[in-house]
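*Asks:* Okay, here's the structure, questions in a sec.
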């Protein structure tokens with residue numbers, strides 16, 4: 001389980017240092033292989049490869065002609081790339097995704113239970129200011145006992 005938040009940076013070669021609070025359980029439970037992607041390009045989603053494989057298995061059960069499936073796969077594959085953590089706990093972010101997600105300066109890494117999100121710090125702060133939690137959000141969470 002990935003929870004919490006840590007701040008990190010990407011180096012000049014585009015490698016993101018995965019904070020040890022996430023890296024240690026990631027390697028212990030899933031290994032070093034990852035799928036790095038995004039649906040929007042606004043931020044990076046870092047999936048342990050076994051977690052991503054489960055998503056692909058569910059997608060494979062959908063009809064190949066389903067437009068939602070096609071749009072999703074087009075986007076995650078456009079931005080996506082299989083990657084591996086190096087010995088220092090860094091992962092190379094694909095250049096296209098690095099550019100669109102604004103991966104420079106301080107990067108916020110958020111635990112999202114089974115995967116990680118990496119956000120440009122300023123972009124995430126802007127999102128929080130302009131996309132607040134709503135009463136509908138709280139109602140939907142309550143429906144699930146949260």
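*Asks:* Considering only segment 26-38, I want to know if a residue exists there that is buried (at least 16 other Cβ atoms within 10 Å of the Cβ) and either over 16 Å from the mean Cα position of the chain (by Cα) or at positive phi (or both).
*Replies:* no
*Asks:* In segment 78-87, what residues are surrounded by 11 or more Cβ atoms within 10 Å (Cβ to Cβ) and out of contact with any helix residue (DSSP H, G or I) (no Cβ under 6 Å at 6 or more places or on another chain)?
*Replies:* If the condition is that a residue be surrounded by 11 or more Cβ atoms within 10 Å (Cβ to Cβ) and out of contact with any helix residue (DSSP H, G or I) (no Cβ under 6 Å at 6 or more places or on another chain), then 78, 80, 81, 82, 83, 84, 85, 86 are the ones that fit.
*Asks:* Against the condition buried (at least 17 other Cβ atoms within 10 Å of the Cβ) and part of a helix (DSSP H, G or I), how does residue 141 come out, does it pass? Don't jump to the end; show me each part of the working.
*Replies:* On the way: buried (at least 17 other Cβ atoms within 10 Å of the Cβ): no; part of a helix (DSSP H, G or I): yes.
Answer is no for this residue.
*Asks:* For residue 136, only one of the following conditions fails: (1) out of contact with any strand residue (DSSP E or B) (no Cβ under 6 Å at 6 or more places or on another chain); (2) surrounded by 10 or more Cβ atoms within 10 Å (Cβ to Cβ); (3) modelled with pLDDT of 95 or more. What is its number?
*Replies:* With respect to (1) out of contact with any strand residue (DSSP E or B) (no Cβ under 6 Å at 6 or more places or on another chain); (2) surrounded by 10 or more Cβ atoms within 10 Å (Cβ to Cβ); (3) modelled with pLDDT of 95 or more, residue 136 is out only on (2).
*Asks:* State yes or no: is residue 4 within 26 Å of residue 105 (Cβ to Cβ), surrounded by 13 or more Cβ atoms within 10 Å (Cβ to Cβ) and in contact with a helix residue (DSSP H, G or I) (Cβ under 8 Å, 6 or more places away or on another chain)?
*Replies:* Values: within 26 Å of residue 105 (Cβ to Cβ): yes; surrounded by 13 or more Cβ atoms within 10 Å (Cβ to Cβ): no; in contact with a helix residue (DSSP H, G or I) (Cβ under 8 Å, 6 or more places away or on another chain): yes.
When the stated conditions are applied, residue 4 does not pass them.
*Asks:* More than 23 Å from residue 119 (Cβ to Cβ) and surrounded by fewer than 12 Cβ atoms within 10 Å (Cβ to Cβ), is that true of residue 53? Walk me through how you get there before you give the answer.
*Replies:* On the way: more than 23 Å from residue 119 (Cβ to Cβ): yes; surrounded by fewer than 12 Cβ atoms within 10 Å (Cβ to Cβ): no.
The answer is no for residue 53.
The rows are residues; the columns are (1) closer than 14 Å to residue 45 by Cα; (2) under 14 Å from the mean Cα position of the chain (by Cα).
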{"residue": "62", "(1), (2)": "no, no"}
{"residue": "69", "(1), (2)": "no, no"}
{"residue": "72", "(1), (2)": "yes, no"}
{"residue": "80", "(1), (2)": "yes, yes"}
{"residue": "87", "(1), (2)": "no, no"}
{"residue": "90", "(1), (2)": "no, no"}
{"residue": "94", "(1), (2)": "yes, yes"}
{"residue": "98", "(1), (2)": "yes, yes"}
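*Asks:* Tell me yes or no: at least one residue of segment 61-76 is under 20 Å from residue 10 (Cβ atoms) and buried (at least 16 other Cβ atoms within 10 Å of the Cβ). Spell out how you get there, then give the answer.
*Replies:* Within segment 61-76, the subset under 20 Å from residue 10 (Cβ atoms) is none.
No, that holds for no residue.
*Asks:* Does segment 103-114 hold any residues that are in contact with a helix residue (DSSP H, G or I) (Cβ under 6 Å, 6 or more places away or on another chain) and modelled with pLDDT of 95 or more, and which are they?
*Replies:* Within segment 103-114, the first condition is being in contact with a helix residue (DSSP H, G or I) (Cβ under 6 Å, 6 or more places away or on another chain), and the residues that meet it are 106, 108, 114.
108, 114, listed by residue number.
*Asks:* Would you mind telling me which numbered condition in (1) closer than 16 Å to residue 89 by Cβ; (2) modelled with pLDDT under 95; (3) not in a strand (DSSP E or B) residue 21 fails?
*Replies:* Checking residue 21 against (1) closer than 16 Å to residue 89 by Cβ; (2) modelled with pLDDT under 95; (3) not in a strand (DSSP E or B), the one that fails is (2).
The values are calculated or read from the model by the stated rules, or taken from the named source; none is laboratory data. Here the structure is a predicted model, which means the values were calculated and not measured. Methodologically, a virtual Cβ is constructed for each residue, glycine included, from the backbone with ideal geometry; neighbour enumeration extends over all protein chains shown.
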